[in-house]
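This report concerns only the one structure given below.
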Amino acid sequence: MAEHPPATILVVDDEAEQRRLLTGFIASLGFRTEEAASAEEALSRIAHRRPDMVLLDVRLPGMNGIEALSEIRKLAADLPVLLITAYADLRQAVSAMKSGADDYLAKPVDLDELEAAIFDALGQEGKRAEDRAALSLPPWFVCHSVAMRRVAETVAVVAPSNAPVLILGQSGVGKELVARLIHEWSPRAAGPLVAANCAGLPESLLESELFGHTKGAFTGASQSRLGYFRAAHGGTLFLDEIGELPLHVQPKLLRALESGEITPVGSDVPLQVDTRLIAATNRDLAREVEAGRFREDLYYRINVIELLVPPLAERQDDVLPLAKRFAAEFAGGPVRLSPQAVQCLLAYAWPGNVRELRNAIQRACLLCRGDVILPEHLPPKVAALAAGGTAPPNTGRLSQVERATILATLAECGGNRTQAAKKLGISRRALIYKLRAIEAEQSGSDPNRP
């Protein structure tokens, strides 16, 4: 029997980079893609040759997405339509569900949620991890856990685009390494990767550091300065802790991203720059926007795609590979971890994440006089766990009751993860992670196996 051709998904968005990112991800799932930059173009395509599904942005020039949805329903009443909407349009999107939208996702688009929504709408099963394209990871990027594997898979989709990326995660989880991986897998890999920490730059000099200055622009400016944007020309600029950026600098950053132009301090002549921005923060920027500490328009500009780096406590399979890598780095020769030291490392929760683990191994290598790291070489609060300390291992496993409840609810909803998440009272993203944890346990790829 001949195989059915892959489904065709029409992506409707007026921003070229957003279309490229979405179509690249959808193609990686095994579907065909088509693009439209406006509602009018999309309606023409649907009338000429109907796709199997439509991803429709709400904010479009001319006819908006809600109006287009009504017209699509006249052309094809049963065509699955998934709305992509900014946070400010959520109420409008929810009301549009009553008008015939199958589902909606809020920007920034979470690729895991998008994948689930597509397969739900088309009534198909998602691709298993072993069916995905193999990733050729650099040796410095430790990726043994399921959680970090998902991050790397998302990076592979995001990297070829020029779209800005916002990396979220607790302090010390390795956000800068993820930014480096995006850069190295991008067409800009031959260009510079320039990193700057917004929290570490003096507020009075921050504008000059970012955009440069001319000689004599202010007291002490004895020579001109390029600034980070021009230093990263042709490459990537990584702005860490972007949530610390003062309000008065934010409009200038927004202009640089929208127009590709910067104006050095002390100059009236704008300069063109070709720089991709990757930003990172451990703050909740949506709340910062609500509090008036971060511009909403800048938030959506830097947050075309969002990447969440999980804490080390949720990546236990990464603990020992990271520890061994750090030990080889600091010891200057072969060094082993004793079974008791391994027990301590796996039992500790690592609230300081990878940074805390790195510091612990550096300390152990300094105190270790032989080639074996023992518990007594580790920080006291970590070493205490060798003697049966009270802190339990953070396994990240689901209880039998929780697992049974999730699977029963999913079956009750006919496999529809959106409906199941609503019944369980959790977000669809949380449900996806829990289902993947169940899948990993059932397949034997225990994310907590040392």
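The values are calculated or read from the model by the stated rules, or taken from the named source; none is laboratory data. This one's a predicted model, so the numbers in the text were calculated from it and none came from an experiment. Neighbour counts run over all protein chains shown; Cβ positions are idealised from the backbone, glycine included. SASA here: full protein model, heavy atoms, side chains in, ligands and nucleic acids out. Shrake-Rupley method; radii C 1.70, N 1.55, O 1.52, S 1.80 Å.
Data overview
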quantity: Enumeration of residues in the stretch 291-305 that are of a type outside the set (Phe, Trp, Tyr), free of Cβ contacts under 8 Å to residues at least 60 places away in the same chain and in a helix (DSSP H, G or I); calculated: 297, 298
quantity: Number of the condition not met by residue 397 [criteria: (1) among the basic types (Lys, Arg); (2) open to solvent by 50 Å² or more (accessible area, probe 1.4 Å); (3) modelled with pLDDT of 70 or more]; calculated: (3)
quantity: Residue list for the stretch 437-450, filter: modelled with pLDDT under 75 and either in contact with a Phe, Trp or Tyr (Cβ under 6 Å, 6 or more places away or on another chain) or of a type outside the set (Gly, Ala, Ser) (or both); calculated: 439, 441, 442, 446, 447, 448, 449, 450
quantity: Where a residue in the stretch 324-336 is of a type in the set (Val, Ile, Thr) and its partner, wherever it lies, is crowded, with 18+ Cβ neighbours inside 10 Å, with Cβ under 7 Å and at least six apart; calculated: 335/327; 335/365; 335/368; 335/373
quantity: Residue list for the stretch 285-340, filter: β-branched (Val, Ile, Thr) and within 29 Å of residue 161 (Cβ to Cβ); calculated: 289, 302, 304, 305, 309
quantity: Any hit, the stretch 313-335, residues being closer than 23 Å to residue 150 by Cβ and in a loop (DSSP other than H, G, I, E, B); calculated: yes
quantity: Selected residue [closer than 30 Å to residue 274 by Cα, part of a helix (DSSP H, G or I) and at pLDDT below 90] from 157, 151, 94; calculated: 157
quantity: Condition broken by residue 212, with the remaining ones in (1) open to solvent by less than 10 Å² (accessible area, probe 1.4 Å); (2) small (Gly, Ala, Ser); (3) closer than 24 Å to residue 300 by Cβ satisfied; calculated: (3)
quantity: Some residue of the stretch 130-143 being at pLDDT below 90, out of contact with any Cys (no Cβ under 9 Å at 6 or more places or on another chain), open to solvent by 30 Å² or more (accessible area, probe 1.4 Å) and not in a loop (DSSP other than H, G, I, E, B); calculated: yes
quantity: Selection count, the stretch 243-279, where residues are more than 24 Å from residue 186 (Cα to Cα), not in a loop (DSSP other than H, G, I, E, B) and not hydrophobic (A, V, I, L, M, F, W, C); calculated: 5
